[in-house]
Protein chains: 2
Amino acid sequence: MRARRGFRQSTLTLADVAKEAGVSEITVSRVIRARGSVAEETRRRVQTAISKIGYVPNRIAGSLASAGSDLIGVIIPSLGNIVFPDVLRGLHDAISERGFRAVVSVTDYRLESERELVRSLLSWRPAALIVTGCEHEPDTRQMLVNAGLTIVEVMDADGEAIDIAIGMSHARAGRETAAFLLARGYRRFGYIGHDLARDLRACKRRETFTSTVREAGASFAGEVVTPGRSSVPSGRSALAELLTAHGDIDAVYFSNDDMAIGGVFHCMAEGIAIPDKLAIVGFNGLAMGQALPQPLTTILTPRFDIGFRAGLAVIARFDGLEVPRLTDVGFTLLPGATA
Amino acid sequence: MRARRGFRQSTLTLADVAKEAGVSEITVSRVIRARGSVAEETRRRVQTAISKIGYVPNRIAGSLASAGSDLIGVIIPSLGNIVFPDVLRGLHDAISERGFRAVVSVTDYRLESERELVRSLLSWRPAALIVTGCEHEPDTRQMLVNAGLTIVEVMDADGEAIDIAIGMSHARAGRETAAFLLARGYRRFGYIGHDLARDLRACKRRETFTSTVREAGASFAGEVVTPGRSSVPSGRSALAELLTAHGDIDAVYFSNDDMAIGGVFHCMAEGIAIPDKLAIVGFNGLAMGQALPQPLTTILTPRFDIGFRAGLAVIARFDGLEVPRLTDVGFTLLPGATA
DNA sequence: AGTGAAAATGTTAGCGCTGTCAGAACATTC
DNA sequence: GAATGTTCTGACAGCGCTAACATTTTCACT
């Protein structure tokens with residue numbers, strides 16, 4: 001695993017700087033890490049030497065010697081939808097000033113690959129590991145528990161935290177969406193979702209949505225679940241399909257805003273009046289949905305905030321502070337104009 | 001930087017496994033890395049020992065010893081728009097099977113922070129560094145050159161590659177968009193963009209677009225450039241503003257699809273006929289734009305593909321293969337129905 | 001049984017840095 | 001001037017692993 005292509009091999013070490021500056025290695029190390037006391041003049045001399053020879057510290061060696069890295073492992077299910085990049089953005093904003101770096105891995109919603117990624121990231125002895133949701137395979141969970149480092153589970157507040165959980169209740173989101181629609185007088189519901197077996201949080205929302213609808217005595221007429229990841233086009237075609245099978249539906253709950261916006265586009269193209277003929281509700285509160293001619297009725301999830309708080313939690317732990325085990329950041333129902 | 005909270009301190013080392021399995025450390029190391037020859041029976045014994053005591057390898061030590069890591073540093077300008085997550089997704093798909101991990105950092109379109117991030121990521125002795133665009137501050141560029149490792153510049157094919165560049169010509173994209181609109185008979189153009197001082201590639205597209213328009217003798221009537229990052233809502237309000245000032249414009253070039261979709265929504269809401277009264281053109285070819293009732297006229301950029309090729313290039317280099325210095329992946333003009 | 005080559009395993013010496021402790025230099029107090 | 005403290009600097013060991021070489025075992029083939 002040695003780098004090729006090197007002229008001026010970047011194998012400069014502390015020793016080279018030390019020689020150049022006429023001090024010992026440890027003094028150079030102290031200057032670089034701004035730790036311990038170094039005379040102002042010495043410091044300057046070392047700084048000069050560093051930039052003169054173009055020394056780049058080797059954090060791998062540093063981390064090994066000090067038994068800790070400033071890497072934060074992040075495991076998210078997908079990058080195909082702006083939701084997780086938003087979380088990542090919040091996290092990044094919180095941690096980068098402190099010099100932490102995110103090592104990102106994607107599971108594509110497969111819990112099996114989560115296990116491998118946890119194992120792999122753990123081997124970098126990160127300062128913390130951030131994982132998505134509270135559902136994990138038993139041995140993955142065990143690994144996380146045993147790892148003995150800060151673990152933050154984001155996006156979900158319905159489960160039992162391994163260490164720290166920051167998220168929202170998807171069960172409640174599904175219930176409140178149903179309650180909202182029932183209060184508006186809708187009675188014949190449909191559901192459109194993407195691959196449910198994998199997106200466990202969408203699945204939870206669907207569960208509580210349908211059970212709330214049924215408990216209220218309204219009818220749950222039918223659903224279409226598309227096989228792949230969520231997207232605007234698949235939401236659009238799924239609604240076409242659903243309406244063909246169940247023309248009498250008066251409100252459709254979509255697994256998220258991408259899908260719901262697709263539904264809105266279908267209605268626009270077919271001249272279906274929203275919300276008089278059909279109500280549409282999404283989930284996430286994407287900016288795009290709110291910019292539609294009729295703002296989308298949806299639930300705004302504080303994704304950036306979740307990522308940001310996760311970052312703050314890691315830092316707080318690092319600084320030896322107490323961090324609450326569970327933070328429910330809540331959500332906001334945006335009434336919009338589509339329901 | 002030592003982890004807290006640890007029961008069962010994860011300070012298990014190769015030595016512990018070796019003792020448990022009754023072999024030497026190096027044999028355990030060989031089993032873990034699947035390198036060198038180890039008898040089947042020994043291998044099994046080591047595997048058992050590993051899972052029995054719950055050993056997690058320490059890649060920091062491993063990387064130090066073997067002078068190379070399987071980390072790939074990635075520096076992108078933003079996570080606020082699906083474009084870069086798409087690149088990241090392609091990269092991830094290409095590299096994760098080979099065990100490489102992406103360390104992601106975001107510049108927020110500031111070249112100064114790029115310098116700091118390069119320095120910081122370089123200190124992890126990554127296998128490669130992936131940066132966005134070909135514009136860098138001189139000393140950043142120098143650092144990259146001196147680093148002596150694989151450097152991939154993505155998204156842009158207009159500049160001189162430091163090592164490897166994979167992207168497309170934004171200059172050509174601007175020109176072809178203008179040519180397309182001119183061929184369709186549009187004559188009075190407007191431009192709507194987001195913070196140009198920062199997004200250098202959007203800036204380049206705007207330059208060639210306007211110069212092509214002017215060279216053809218058509219008029220460039222006006223533009224609105226919003227201060228923040230691009231988004232659907234700001235595209236929507238920017239178009240309202242532009243049309244107030246220049247009601248006679250017949251075609252608007254947007255800095256990207258997010259902004260353009262906002263423009264479409266404005267027209268929908270105001271009853272402005274597209275494309276008869278106003279033509280709208282975007283850039284990126286987001287799925288959402290193509291799912292609009294009238295598909296957006298835009299340029300499809302192969303973002304996933306760029307990320308994927310970047311990953312393949314890193315792997316090829318790693319395997320000692322030749323990689324072309326510059327790969328222009330091109331783009332596709334999607335005629336759509338909005339122009 | 002004897003040979004050589006290949007397979008399997010082990011020994012040794014670091015990778016580049018930081019924690020720890022010790023010592024030198026300098027200032028301050030009695 | 002001695003005692004004390006404070007700031008600054010350095011020597012040394014070792015973090016956990018792997019490259020390189022050395023050695024032992026295995027085994028096909030004379």
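Work out, step by step, the length gained on full extension between A:E97 and A:A245: first 0.36 nm times the residue separation, then minus their alpha carbon distance; give nm to one decimal.
47.9 nm
Only Cα pairs within less than 10 Å get springs; with that Gaussian network setup on chain B, which residue of B:S230, B:S120, B:S78 has the largest fluctuation?
B:S120
Choose one answer from B:S66, B:S237, B:S255: the residue with the largest mean-square fluctuation in a GNM of chain B with alpha-carbon springs under 10 Å.
It is B:S66.
Hey, what angle do you get for helix A:40-53 against the long axis of chain A, alpha-carbon based, 0 to 90 degrees rounded to 10?
Compared with the principal axis, the helix lies near 70 degrees.
Give the residue from A:T107, A:L12, A:A61 lying farthest towards the positive end of the charge dipole for segment A:4-155; charges sit on Cβ (+1 for Lys and Arg, -1 for Asp and Glu) and the dipole is referred to the Cα centre.
The residue sitting farthest along the positive end of the dipole is A:L12.
What does the average come to when, for each residue of peptide B:114-125, you count the partner chain Cβ atoms lying within 10 Å of its Cβ?
Mean number of neighbouring Cβ atoms from other chains: 4.
Who wins for biggest fluctuation among A:G222, A:G282, A:G263 in a Gaussian network model of chain A, springs between alpha carbons below 10 Å?
A:G222
Please report the relative contact order for chain B, taking Cα pairs under 8 Å with a sequence separation of at least 6, and give it as a percent rounded to a whole number. Walk me through the numbers before you get to the answer.
Numbers: 634 pairs, mean separation 54.4, N = 339.
Relative contact order here is 16 percent.
Which whole number gives the average count of other chain Cβ atoms within 10 Å of the Cβ atoms across peptide B:261-273? List each step's numbers first, then the result.
Numbers: counts 4, 4, 0, 3, 5, 2, 1, 4, 4, 1, 1, 0, 0.
Mean inter-chain Cβ contacts per residue within 10 Å come to 2.
With an 8 Å cut-off on Cα pairs and a minimum separation of 6 or more residues, tell me the relative contact order of segment B:14-57 in percent.
Result for segment B:14-57 is 41 percent.
Straight-line reach from B:K277: which lysines have a Cα under 29 Å away, not including same-chain ones fewer than 8 places off?
Leaving aside lysines fewer than 8 places away in the same chain, those within reach of B:K277 are B:K204.
For segment B:170-300, what is one quarter of the convex hull surface built on the Cα atoms, given in nm²?
Answer in nm², one decimal: 6.8.
Suppose the Debye formula is applied to equal point scatterers at every Cα of chain A; what is log10 I(q)/I(0) at q = 0.09, 0.10, 0.11 Å⁻¹?
-0.59, -0.69, -0.77
Just from the alpha-carbon atoms, what are the Rg and Dmax of the protein assembly as shown in angstroms?
Rg then Dmax for the protein assembly as shown, in Å: 27.0, 84.
Compute the label zone of A:Q142 within segment B:32-66: residues whose backbone N is under 19 Å from the point 7 Å along Cα-to-Cβ.
Taking a point 7 Å out along Cα→Cβ of A:Q142, the residues of segment B:32-66 whose backbone N falls under 19 Å are B:45-57.
Per 10 Å bin from zero, what fraction in whole % of the C-alpha pairs of segment B:14-57 is there, up to the bin with the longest pair?
Calculated over all Cα pairs of segment B:14-57, the distribution is 34, 62, 4 percent.
Compute the distance from the alpha-carbon center of segment A:62-115 to that of segment B:140-175, in whole Å.
Taking the Cα centre of segment B:140-175 as reference, the centre of segment A:62-115 is 26 Å away.
Could you tell me whether segment B:102-157 comes out rounded, prolate or oblate from its Cα gyration tensor? Rule is a ≥ b ≥ c as square roots of the eigenvalues, rounded for a/c under 1.5, then prolate if a/b exceeds b/c, otherwise oblate.
rounded
If I model a spin label at A:E25 and A:K52 as a point 7 Å from the Cα along the Cα→Cβ vector, what separation in nanometres do I get?
Spacing of the two 7 Å Cα→Cβ label points: 2.1 nm.
7 Å along Cα→Cβ for the label point: how many nanometres lie between B:T332 and each equivalent label in the other copies, listed shortest first?
Sorted ascending, the copy-to-copy spacings read 3.9 nm.
Measuring nothing but label to label, 7 Å from Cα along Cα→Cβ, what are A:A39's distances to the other copies in nm, shortest first?
Values, ascending and in nm: 6.3.
Please state the relative contact order of segment B:1-105 as a whole percent: Cα pairs under 8 Å, 6+ residues apart? Don't skip to the answer; put the middle values down first.
Values: 72 pairs, mean separation 23.4, N = 105.
The normalised contact order for segment B:1-105 reaches 22 percent.
Per residue of the protein assembly as shown, what 222 nm ellipticity follows from adding -39500 (n - 2.57) for every DSSP H run with n ≥ 4, rounded to the nearest 500?
-14000 deg cm²/dmol
Compute the long axis of helix A:170-183 from its Cα atoms, compare it with the longest principal axis of the Cα atoms of chain A, and write down the angle in degrees, 0 to 90, nearest 10.
30
What are the nm distances, shortest first, from B:A245 to its equivalents in the other copies, labels at 7 Å along Cα→Cβ?
5.1
Any read-out appearing in this document is the output of simple, stated calculations on the displayed coordinates, not a laboratory observation. Not measured: the values here are computed from a predicted model. Quick reminder, even Gly has a Cβ in these numbers, built from the backbone with ideal geometry, and neighbours come from all protein chains shown.
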